[in-house]
């Protein structure tokens, strides 16, 4: 894979990928890719990641149907981070929010939810 | 530090921080923070990171003057990634671009520069 040769994967074979809504420009999530998940992303046009907790390839939306269609792929100056602009089907966060970054730090050091839930996780994922 | 207790730092004591322009919503860079750099960011209102290559605390803009004034701090659902919205003084990338993500992948697998340089690195950083 020529594109991988020009990217710097870390000691675990991973590269962080920031996912941004191509239209609204909202930052949706950050996850890790290895060479295989990047290849699958390129082949299918849908984002795939490497789940560090489950130790497996992960098609974003495989359970929820909330896939991300790739619009463009960018890399940073050091070639050690990706920025992928997507069209998000449904919503990104498994907790029911448009973006995983739905908590904001308050002046007194607490974390406050500053977004509205757009779906009910129990309905989309079933009881877990 | 109460805010750190609610964040998940990795085995190296680091947490990735995605930096976004609060106004234009452009994703500017991704870098890592440890507890100390996060504390300095909170104390000063300017982003500080941990430089893995130099092994030291790093005030973004310490050489260039291109500091980032913190507008808001967000965390993701797993509390293992930060999103920091900033007002960027000057430009983010040490290579002279507004964002570090100035290269885009082309259909034939090459990386193309898709942004314009906004400053000359040699002028800002001197000969290196």
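The residue pairs whose first member lies in the range A:55-77 and is in contact (Cβ under 8 Å) with a residue 12 or more places away in the chain and on the phi > 0 side of the Ramachandran plot, whose second member is buried (at least 17 other Cβ atoms within 10 Å of the Cβ) and not in a strand (DSSP E or B), and whose beta carbons are closer than 9 Å, counting only pairs six or more residues apart or on different chains, are A:61/A:47; A:61/A:67.
Against the numbered list (1) more than 19 Å from residue A:15 (Cα to Cα); (2) more than 10 Å from chain A (Cβ to nearest Cβ), residue B:33 comes up short only at (1). Remark: residue A:87 matches the filter, which requires a residue to be within 28 Å of residue B:115 (Cβ to Cβ) and touching a strand residue (DSSP E or B) at 6+ places or on another chain (Cβ under 6 Å). I'd like the full set of residues that are within 21 Å of residue A:46 (Cα to Cα), more than 10 Å from chain B (Cβ to nearest Cβ) and surrounded by 14 or more Cβ atoms within 10 Å (Cβ to Cβ), limited to the range A:85-118. If the condition is that a residue be within 21 Å of residue A:46 (Cα to Cα), more than 10 Å from chain B (Cβ to nearest Cβ) and surrounded by 14 or more Cβ atoms within 10 Å (Cβ to Cβ), then A:86, A:88, A:89, A:90, A:91, A:98 are the ones that fit. Within the range B:17-43, the set of residues being more than 16 Å from residue B:101 (Cα to Cα), touching a residue at least 40 places away in the same chain (Cβ under 8 Å) and surrounded by fewer than 22 Cβ atoms within 10 Å (Cβ to Cβ) comprises B:22, B:23. Of all the residues that make up the range B:54-79, how many are facing chain A (nearest Cβ under 9 Å) and either surrounded by fewer than 17 Cβ atoms within 10 Å (Cβ to Cβ) or under 13 Å from the mean Cα position of the chain (by Cα) (or both)? Total satisfying the criteria: 4. With respect to residue B:125, is the statement that it is more than 24 Å from residue B:34 (Cβ to Cβ) and in contact (Cβ under 8 Å) with a residue 24 or more places away in the chain true? Considered against the rule, which asks whether it is more than 24 Å from residue B:34 (Cβ to Cβ) and in contact (Cβ under 8 Å) with a residue 24 or more places away in the chain, residue B:125 comes out as yes.
No value in this document is a laboratory result; all are computed from the given coordinates. Everything numeric in this text was worked out from a predicted model, so none of it was measured. No Cβ is skipped: glycine too gets one built from the backbone with ideal geometry, and neighbour counts run over all protein chains shown.
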